[in-house]
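Worksheet for the structure shown next.
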Amino acid sequence: MSFEAIAGIAKAEADAKELIAAAEVKARQMSAEAENEGKAAVEAACAKADSELTELRKQADAKAMTEAGELSAETENRKAALRARAEARLEKAAALVVERIVNS
């Protein structure tokens, strides 16, 4: 084999090694970038989820307060109605007691 052929082969091997090394560096860079982008995406998703959770909690608290207020008003109305019925019956009961005492 001639010297020129051997030199050509050696140059081709050296060029191939450089290409492989450059490809490995590029692959590592791409991998690191993808990992960083993935971490950023996860962090953004977590932040969005926290924000949504906070908003949902606020909405749930507001709804609970509204429902508690409605229930309280309803309970007060029922209490007033029961008190009115009891007072009406109290007068009848007192009259009945007085009547029995007088008649005995």
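The values are calculated or read from the model by the stated rules, or taken from the named source; none is laboratory data. In this text, all values refer to a predicted model and were calculated from it rather than measured experimentally. Glycine also receives a Cβ, built like all others from the backbone with ideal geometry; neighbour counts cover every protein chain displayed.
Residues that are small (Gly, Ala, Ser) and exposed (fewer than 10 other Cβ atoms within 10 Å of the Cβ) were ranked within the range 1-24; the one that is nearest to the chain's Cα centre (by Cα) is 5.
None of 45, 27 is surrounded by 10 or more Cβ atoms within 10 Å (Cβ to Cβ), in a helix (DSSP H, G or I) and within 21 Å of the chain's Cα centre (by Cα) except 45.
No other residue among 90, 96, 56 is assigned to a helix (DSSP H, G or I) and at pLDDT 95 or above apart from 56.
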